Amino acid sequence: MNASQRRREELAGFLKDRRARADRAAHGLPAVGRSRLRGLRREEVATLAGISVTWYTWLEQARDINPSRQVLDSLARLYRLTPVETTYLLSLGGHRDTIPAASEGMTPALQRLLDALDFPAFLLSADWTIIGWNVHYAQLYPRIQALDEEDRNLLWLVFTDAALRQMLPDWAEQSRGFVGSFRAETRGWLNPAGESGIVARVSAASPEFAAIWKERDVAGFGTRERLFNHPAKGLTRYEQHNLIPAEASDLTLLFYAPL
């Protein structure tokens, strides 16, 4: 399956999921039967969004069609998507403003930047492989230096590394947030190295991840508070920040500023 087909399949699945979640009362529609308060029929979606029911059906069938931005914006309003979810929907429909070009990956300049930071910092590739880190991150998470290269993936580690799970006192909440953020980063899983690689690998190793992934939640990977059981300092609080290097827009620099 090529990238275009994967996008269409995910677009179909995402729309079906949001249609099933829709609150009927919020759209002035009665319950179905005696108790079904959520979920819209395709005909209802088409009427409310002002589009053809045939066209909407084709979208949910992953047909090889090109929905306009106007159609997708209308569906985003109907399903009351968040800004992050709307961006995700538009990207699935082929309306992503920019697609990051592949960079050289880790460079001496980027490593010098990591080393200059006086707090934990690391660099992620498009599929969330950790390709570089500084000494402060190694002190926070010592195992990073001993891992095989194929296991240095943030998504993989969050769901398969028992030591990392113990470091996160709010693992249940954080892990769900990671999955939603990873899904939002479509460049990470809509390419061959993503959906057929890391997502499949983590799904096979972690039933927890597989179940969360099927929920199709989307979340931003932004500034937030992070808690860690530091191996030397005990419980520590950080503020996570994410930056995109100007010369490597397919990479993400994450750092934890102490609070």
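Read the figures in this text as sums done on the coordinates, not as results from a lab. These numbers come from a predicted model, not from an experiment. Note that we place each Cβ from the backbone using ideal geometry, even for glycine, and neighbour counts take in every protein chain shown.
With contributions of -39500 (n - 2.57) from each DSSP H run of at least four residues, the per-residue ellipticity at 222 nm computed over the chain stands at -12500 deg cm²/dmol. Distances between placed amide hydrogens fall under 5 Å for GLY132 paired with LEU123, all partners being 5 or more residues away or on another chain.
For the residues GLU215, GLU239, GLU104, a GNM of the chain with alpha-carbon springs under 10 Å puts the largest fluctuation on GLU104. Enumerate the residues in the range 126-146 having an amide nitrogen under 18 Å from the point lying 7 Å beyond the Cα of ALA200 toward its Cβ. Only 127-129 pass the distance filter. Each peptide in 24-34, 119-129, 144-154, 73-83 gets a packing score, the mean of other Cβ atoms within 10 Å over its residues, and the list from highest to lowest is 119-129, 73-83, 144-154, 24-34. Here the spin labels are modelled as points 7 Å beyond Cα on the Cα-Cβ line, and at THR47 and ARG176 they lie 3.4 nm apart. Proximity of backbone amide H atoms, modeled 1.01 Å from N, is registered between ARG226 and TYR238, GLU239, GLN240 at under 5 Å, excluding neighbours fewer than 5 places apart on the same chain. Annotation: extensible slack from HIS230 through ARG63 equals 55.2 nm (criterion: 0.36 nm per residue apart, minus Cα-Cα distance). Taking the alpha carbon gyration tensor of the range 106-249, multiplying each eigenvalue by 5 and rooting it gives semi-axes of 23, 19, 15 Å, largest first. Farthest toward the positive end of the dipole of the range 119-248, out of GLY234, VAL135, ALA205, is the Cα of GLY234, where the dipole comes from beta carbon charges about the Cα centre. Each residue of the range 234-248 was assigned a 3J(HN,Hα) from its phi angle through the Karplus expression (A = 6.51, B = -1.76, C = 1.60, θ = phi - 60°), giving x, 5, 10, 10, 10, 10, 7, 10, 10, 10, 10, x, 4, 8, 8 Hz with x at Gly and Pro.
In order along the range 27-34, the Karplus-derived 3J(HN,Hα) couplings, from 6.51 cos²θ - 1.76 cosθ + 1.60 at θ = phi - 60°, round to 9, x, 10, x, 5, 8, x, 8 Hz, and Gly and Pro are given as x. Hydrophobic long helices, here whole DSSP H runs in the chain with Kyte-Doolittle means of at least -1.0 and Cα atoms spread over 18 Å or more along the helix axis, are found at 171-184. 3J(HN,Hα) couplings calculated from phi for the range 144-159 with the Karplus curve 6.51 cos²θ - 1.76 cosθ + 1.60 (θ = phi - 60°) are, in sequence order, 4, 6, 9, 6, 5, 4, 5, 9, 7, 10, 4, 5, 4, 5, 4, 9 Hz; Gly and Pro show x. A viscosity of 0.890 mPa s and a temperature of 25 °C, combined with the Kirkwood radius over Cα pairs in Stokes-Einstein, give a translational diffusion coefficient for the chain of 122 µm²/s.
Between the beta carbons of ARG237 and ALA20, assuming R0 = 35 Å, the FRET efficiency works out to 0.40 to the nearest 0.05. With the alpha-carbon atoms of the range 3-92 aligned to their principal axes, the span from lowest to highest coordinate is 42, 26, 21 Å, starting with the largest.
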